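The values are calculated or read from the model by the stated rules, or taken from the named source; none is laboratory data. Owing to the predicted nature of the structure, the values given are computational and were not obtained by experimental measurement. Cβ coordinates were reconstructed from backbone atoms using ideal geometry, including for glycine residues, and neighbour counts include every protein chain displayed.
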Amino acid sequence: MLSGGVGGARFIQGLLRLVERTSSATTVTVIANTGDDIWVHGLKVCPDLDTVMYTLGSGIDTDRGWGRTDETWHAKEELAAYGVEPTWFGLGDRDLATHLVRTQMLDAGFSLSKVTDALCRRWLSPIWGARVRLLPMSDDRVETHVVIDDPADGEQRAVHFQEYWIRHQASVSASAVVAIGADRSAPAPGVIEAISDTDLVVLPPSNPVVSVGTILAVPGIRDALRTTTAPVVGVSGIVGDDHVHGMARQLLGIIGVEVSAAGVAEHYGSRRPGGGNGDGILDGWLVDSVDAPSVDRIEKAGIPARAVPLMMTDHDATADMAQAAIDLVLPGR
């Protein structure tokens with residue numbers, strides 16, 4: 001799976017529920033977006049890696065969908081009392097420990113992949129053993145920035161994605177999304193092999209611009225998706241011409257992609273010869289039942305499609321979505 005944070009993590013839970021239902025020996029590798037990573041108060045923060053890790057390790061705050069359960073905010077309050085910026089990005093006291101360990105290990109010379117593996121020994125190994133593996137998309141520094149019209153003076157400036165999303169609530173006018181450093185990055189160890197050696201690749205309902213899109217910006221990953229023998233199936237995060245969670249509508253508008261299940265499918269493109277824009281990545285695309293009229297349009301773009309309920313109301317409903325994705329591209333499996 002190529003995953004962002006909240007939506008991807010919840011879909012992974014459903015996929016794992018499906019694995020439990022079938023008592024199969026399936027293993028799941030999650031390649032997580034690290035373009036949202038940010039340095040705060042001297043600490044390396046990896047929001048999407050941590051959201052997946054905490055969610056699968058039963059440590060996530062389920063109401064927010066991010067951060068630790070039973071969190072307190074004493075350190076954030078003390079930093080604010082000193083007037084230390086950024087005051088709009090807060091680190092909870094429990095969450096702080098993860099970032100301290102990560103930063104210390106990075107400073108000691110360990111790669112982000114090695115650090116992530118070490119952190120997952122606490123969160124994933126006791127529950128999933130070797131059946132779930134979490135990989136960063138790259139060990140190199142990639143940061144997504146958004147060019148906005150600064151509400152203070154109207155001037156254009158580039159801000160970190162986290163500032164656009166948290167401080168400005170994705171509500172300010174924006175003109176570009178740039179994954180800085182992506183063109184000079186390399187896939188993390190194991191990423192290309194995971195895509196090449198798997199039976200199935202899933203694009204969950206993660207943001208197509210700053211989650212899946214940023215992963216695809218790492219040189220070599222799109223090519224691996226184009227050449228893998230495994231089918232690649234995606235699940236739309238756009239339902240009824242709007243996002244279910246997050247800010248996909250705003251970001252798709254910035255890059256000029258129609259905000260619809262069909263628009264995102266066409267943006268990803270078909271893997272079939274002559275399909276899409278020539279470097280497409282999809283063999284199948286699930287849309288919500290309300291978007292059933294768009295199935296014909298998607299299939300005319302060379303992408304087999306099916307309409308099913310896509311609301312992740314609980315793990316079983318999400319498991320049904322995962323099964324529908326498998327049925328679309330691997331009938332009978």
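Side notes on the structure shown:
- Taking (1) at pLDDT below 95; (2) more than 17 Å from the chain's Cα centre (by Cα) in turn, residue 266 satisfies each apart from (1).
- Candidates are the residues of the stretch 70-85 that are in a loop (DSSP other than H, G, I, E, B) and in contact (Cβ under 8 Å) with a residue 24 or more places away in the chain; the one that is surrounded by the most Cβ atoms within 10 Å (Cβ to Cβ) is 71.
- Matching residues, the stretch 219-243, being β-branched (Val, Ile, Thr) and either over 14 Å from the mean Cα position of the chain (by Cα) or not assigned by TED's automatic domain parsing to the domain that holds residue 322 (or both): 221, 227, 228, 229, 232, 233, 238, 239
- From 62, 34, 55, residue being farther than 17 Å from residue 237 by Cβ, among the β-branched types (Val, Ile, Thr) and buried (at least 18 other Cβ atoms within 10 Å of the Cβ): 34
- Residue in the stretch 301-315 that is under 25 Å from residue 223 (Cα atoms) and either aromatic (Phe, Trp, Tyr) or outside any loop (DSSP other than H, G, I, E, B) (or both) present: yes
- Single residue of 159, 172, 177, 146 found to be in contact with a strand residue (DSSP E or B) (Cβ under 9 Å, 6 or more places away or on another chain), part of a loop (DSSP other than H, G, I, E, B), surrounded by 14 or more Cβ atoms within 10 Å (Cβ to Cβ) and not acidic (Asp, Glu): 172
- In the stretch 99-157, the residues that are of a type in the set (S, T, N, Q) and over 17 Å from the mean Cα position of the chain (by Cα): 103, 104, 111, 125, 156
- Unique match (being in contact with a Cys (Cβ under 6 Å, 6 or more places away or on another chain), surrounded by 17 or more Cβ atoms within 10 Å (Cβ to Cβ) and either modelled with pLDDT of 95 or more or outside any strand (DSSP E or B) (or both)) among 119, 134: 134
- Among the residues of the stretch 211-240, those that are under 17 Å from residue 140 (Cβ atoms), assigned to a loop (DSSP other than H, G, I, E, B) and in contact with a strand residue (DSSP E or B) (Cβ under 6 Å, 6 or more places away or on another chain) comprise 217, 218, 220.
- Given (1) modelled with pLDDT of 95 or more; (2) under 17 Å from residue 211 (Cβ atoms), index of the condition residue 248 fails: (1)
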